[in-house]
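Q: What follows is a single structure, and I will ask about it in a moment.
The values are calculated or read from the model by the stated rules, or taken from the named source; none is laboratory data. Source: prediction; values computed, not measured. Positions of Cβ are generated from backbone atoms using ideal geometry, with glycine treated the same way; all protein chains shown enter the neighbour counts. The accessibility values were calculated without ligands, DNA or RNA, using every heavy atom of the protein model including side chains. Shrake-Rupley method; radii C 1.70, N 1.55, O 1.52, S 1.80 Å.
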Amino acid sequence: MMSKDNECQDGACAIDYTKDTTVSNKTLAINKAYIIPIISLLFLVLGIGFDFFEVPFFRAPIPLIWFGVIYMLIGGPVLLKAVKLIVKGSIYNEFVLMSVATLGAFLIGSYEEGVAVMLFYVVGELFQESAVNKAKRSIEALLKVQVEEVTIIENELTFVKHPKDVKIGQIIRVKAGEKIALDGELISNDAILNTAALTGESVPKNSKKGEQVLAGMVNLTKVIEIKVTSKFEDTKLSKILKLVQEAVGKKAKTQLLISRLAKIYTPIVFWLAIALVIVPYFFLGDNYIFQVWLQRALIFLVISCPCALVISIPLGYFGGIGAASQNGILFKGSNYLDLITKVDTVVMDKTGTLTKGVFEVQEIVTSNIDKNLFLELVAVLESNSTHPIAQAIVNYVKIDNSKLKATAIEEISGYGMKGQIGEYEVLAGNSKLLQKFKIPFDEAIDSNDKTIVVVAINQLYAGYITISDTLKEDALKAIINLHKIPKIIEVVMLSGDKQAVVDTIANKLGIDKAIGDLLPEDKISEVEKLKAMGRTIAFIGDGINDAPVITIADVGMAMGGLGSDAAIETADVVIQTDQPSKIVTAIQIGNATNKIIWQNIWLALSVKILVLILGAWGMATMWEAVIADVGVALLAILNAVRIQKMKWN
């Protein structure tokens, strides 16, 4: 059996019993596809009954005609596909195996078995297709989130366009109940938005004027207007959907290994079946009965079909990706589902990962300078930065009417900002910034357990501003549950914030190791030290400065709801909900997927090897072969889709 998603892969193509197979009509198509197998099953049972009760009219050649018609009805597409593949030079595939085995059954007079094998094979394929569709449903739901039309306001007139045609800076109008088509800035006073499509969070979000809103969010209450800030292809939603579509194509090592083994395994069993017919002749002599050994070879062929492995393994990975997407987690490929099971050390950034990254000014302390001038100078400089701390200061001071302008602006990564504002040279950042420029200051401020922006004006220490950030609601739950995972030996926090702040948060959460005062390159060094110890690292961050560390980690994870594009594009796994507790969920889904896949591998191999041996020695009939092949495949499929029903912490 082979999925339509693997159509024309490895020299084989799926069989189409209905022409209507589009996504929108998929359920109808599958229902139509069951009609022929159901009719065939009824006539198969009827024929077996006629034969068993020796009904007078059911004598040669009627049984051959009766079962032959049923066989062609159900098996015609399989035979046709087998012939096409043989013409193309592809002999070793499931279609040829099934065709040879079932036609051979007719050749030795086992009509019922021949029809039964083909019937169960086709039904198994339909069940498998149904399972794949179920696994796909959550991903297909994502693909329907994008909006096809958007209302634009120009000169008090409204126009309807496709989102692709909307330019940055244009104003769009969104009615109550409509989805937002493009990322933008809310210019209405407020809005209540459903963010579930992006974050998985069911609680509506209250947004205020000036806040960022994202494509895919649903406007719940009233008409709102939004100033577009991203092109259609650059919206977070478009990037998410691209990640989902690309994820299916990236195969895990286990999946690739099984595919390679199947290519070797199929020709081996094909020739072993031929040998099973020919070789006994040279040992048994006059006791050799061709029909007996042909039947054994046919049974051998039926059971040897690697359907359960070839189908259930990719289906298992697909189910894992689907289960993750239902929980607001995007794996960029099935290979990362494997990698995350090997993680033994979880390293994470602080701001935006464990804390909300929503800062508020708490205290202003100045030294020999007017407080209002101090704040205005700092805010004018910080208005040139997108850092959350800088934005908190700008929002607090409100410099809309300021006549001051910053020039010669320099953003020093890991330190802060430098700029010239009129006659003032202003430095604003952490204490290391002042140390870098050899400006004396009160070093006692480093022991403060709040985030502090230290300021120097004209090479003299001028004061500081304290900023507060709050922990995310599920941060503590995330760390507690990470410690419960047996394979996780250490949870580490790395931050550019000062050590006193980092230590306070680490103590609150129970983090094993916390290092502060780090530049972006220092974070890379710390992760490389852990890797040199033989650790398998998962790093979680959200900012553009986290992108390099995400790249070198074994599994890079990004907070995708409001994280930077650089972090999201670099990461292997994206957490759409911005919830640190989803790190645990991602590991649990990876472990569950891996466990299910290996269960399927051992189930299929053990049953097949047993029945292959029994069949070769004449101790298994065609019926056992059918059960071992189709039955095991169905069990493997049911086991694979089980992940969709699982609950996670």
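Q: Across the stretch 186-196, which residue is nearest to the chain's Cα centre (by Cα) among those that are assigned to a strand (DSSP E or B) and more than 22 Å from Lys161 (Cα to Cα)?
A: Filtering first and then ranking leaves Asn194.
Q: Output the residues belonging to the stretch 547-577 that are modelled with pLDDT of 80 or more, within 20 Å of Asp497 (Cα to Cα) and part of a helix (DSSP H, G or I).
A: Within the stretch 547-577, Pro548, Val549, Ile550 qualify.
Q: If you don't mind, another one. Could you grab the pairs with beta carbons closer than 8 Å, sequence gap of 6+ or different chains, first residue in the stretch 403-425 and at positive phi, second one buried (at least 18 other Cβ atoms within 10 Å of the Cβ) and assigned to a loop (DSSP other than H, G, I, E, B)?
A: So the pair list comes out as Gly414/Gly496; Gly414/Leu518; Gly416/Asn430.
Q: Here's something else I'd like to know. Among the residues in the stretch 617-640, are any open to solvent by less than 20 Å² (accessible area, probe 1.4 Å), modelled with pLDDT of 90 or more and either polar (S, T, N, Q) or out of contact with any Ser or Thr (no Cβ under 6 Å at 6 or more places or on another chain) (or both)?
A: There is no residue in the stretch 617-640 that is open to solvent by less than 20 Å² (accessible area, probe 1.4 Å), modelled with pLDDT of 90 or more and either polar (S, T, N, Q) or out of contact with any Ser or Thr (no Cβ under 6 Å at 6 or more places or on another chain) (or both).
Here is a yes/no grid of residues against (1) modelled with pLDDT of 90 or more; (2) touching a helix residue (DSSP H, G or I) at 6+ places or on another chain (Cβ under 9 Å); (3) over 18 Å from Pro267 (Cβ atoms):
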position: Ile74; (1), (2), (3): yes, yes, yes
position: Leu79; (1), (2), (3): yes, yes, yes
position: Tyr92; (1), (2), (3): no, yes, no
position: Phe106; (1), (2), (3): no, yes, yes
position: Gly109; (1), (2), (3): no, yes, yes
position: Gly124; (1), (2), (3): no, yes, yes
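Q: Which residue is farthest from Phe300 (Cα to Cα), if the candidates are limited to the stretch 105-124 and must be assigned to a helix (DSSP H, G or I) and open to solvent by 10 Å² or more (accessible area, probe 1.4 Å)?
A: Filtering the stretch 105-124 for residues that are assigned to a helix (DSSP H, G or I) and open to solvent by 10 Å² or more (accessible area, probe 1.4 Å), the one farthest from Phe300 (Cα to Cα) comes out as Val123.
Q: Name the residues in the stretch 370-406 that are of a type in the set (Gly, Ala, Ser), over 39 Å from the mean Cα position of the chain (by Cα) and under 10 Å from Ala428 (Cβ atoms), would you?
A: Ala379
Q: Can you spot a residue in the stretch 62-70 that is in a helix (DSSP H, G or I) and either under 19 Å from Glu125 (Cβ atoms) or in contact with a Leu (Cβ under 8 Å, 6 or more places away or on another chain) (or both)?
A: Scanning the stretch 62-70, I find at least one residue that is in a helix (DSSP H, G or I) and either under 19 Å from Glu125 (Cβ atoms) or in contact with a Leu (Cβ under 8 Å, 6 or more places away or on another chain) (or both), so the answer is yes.
Q: Step by step: first the residues of the stretch 49-102, then only those that are under 39 Å from the mean Cα position of the chain (by Cα) and loosely packed, with under 14 Cβ neighbours inside 10 Å, then the one that is nearest to Leu272 (Cα to Cα). Which residue is that?
A: Checked the stretch 49-102; the qualifying residue nearest to Leu272 (Cα to Cα) is Gly89.
Q: Of all residues being in contact with a Ser or Thr (Cβ under 9 Å, 6 or more places away or on another chain), buried (at least 16 other Cβ atoms within 10 Å of the Cβ) and among the hydrophobic types (A, V, I, L, M, F, W, C) in the stretch 461-477, which is nearest to Leu433 (Cα to Cα)? Just the residue, please.
A: Selected residue: Ala462.
Listed here are the residues, each with its yes/no results for (1) crowded, with 17+ Cβ neighbours inside 10 Å; (2) touching a Ser or Thr at 6+ places or on another chain (Cβ under 7 Å); (3) within 15 Å of Val346 (Cα to Cα).
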| site | (1), (2), (3) |
| --- | --- |
| Ile480 | no, no, yes |
| Gly496 | yes, no, no |
| Leu530 | yes, yes, yes |
| Val555 | yes, no, yes |
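Q: How many of the residues making up the stretch 441-450 are charged (D, E, K, R) and not in a loop (DSSP other than H, G, I, E, B)?
A: Total meeting the criteria: 2.
Every residue, every condition in (1) closer than 29 Å to Thr345 by Cβ; (2) part of a strand (DSSP E or B); (3) among the hydroxyl-bearing types (Ser, Thr, Tyr), yes or no:
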| residue | (1), (2), (3) |
| --- | --- |
| Ser402 | no, no, yes |
| Ile439 | no, no, no |
| Ile452 | no, yes, no |
| Tyr461 | no, yes, yes |
| Pro486 | yes, no, no |
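Q: Condition first: open to solvent by less than 80 Å² (accessible area, probe 1.4 Å) and either within 13 Å of Tyr111 (Cα to Cα) or out of contact with any helix residue (DSSP H, G or I) (no Cβ under 9 Å at 6 or more places or on another chain) (or both). Now tell me which residues in the stretch 31-45 satisfy that.
A: If the condition is that a residue be open to solvent by less than 80 Å² (accessible area, probe 1.4 Å) and either within 13 Å of Tyr111 (Cα to Cα) or out of contact with any helix residue (DSSP H, G or I) (no Cβ under 9 Å at 6 or more places or on another chain) (or both), then Leu44 is the only one that fits.
Q: Also, quick follow-up: What number goes with the only condition from (1) among the acidic types (Asp, Glu); (2) open to solvent by less than 50 Å² (accessible area, probe 1.4 Å); (3) at pLDDT below 85; (4) more than 18 Å from the chain's Cα centre (by Cα) that Asp183 does not pass?
A: Among (1) among the acidic types (Asp, Glu); (2) open to solvent by less than 50 Å² (accessible area, probe 1.4 Å); (3) at pLDDT below 85; (4) more than 18 Å from the chain's Cα centre (by Cα), Asp183 violates only (3).
Q: Further question: Only one of these is in a helix (DSSP H, G or I) and free of Cβ contacts under 8 Å to residues at least 24 places away in the same chain: Leu603, Leu634, Leu638, Leu610. Name it.
A: Going through Leu603, Leu634, Leu638, Leu610 in turn, just one is in a helix (DSSP H, G or I) and free of Cβ contacts under 8 Å to residues at least 24 places away in the same chain: Leu610.
Q: Ok, one more. Could you say whether any residue in the stretch 423-433 is modelled with pLDDT of 95 or more, open to solvent by 10 Å² or more (accessible area, probe 1.4 Å) and not hydroxyl-bearing (Ser, Thr, Tyr)?
A: Looking through the stretch 423-433, at least one residue is modelled with pLDDT of 95 or more, open to solvent by 10 Å² or more (accessible area, probe 1.4 Å) and not hydroxyl-bearing (Ser, Thr, Tyr).
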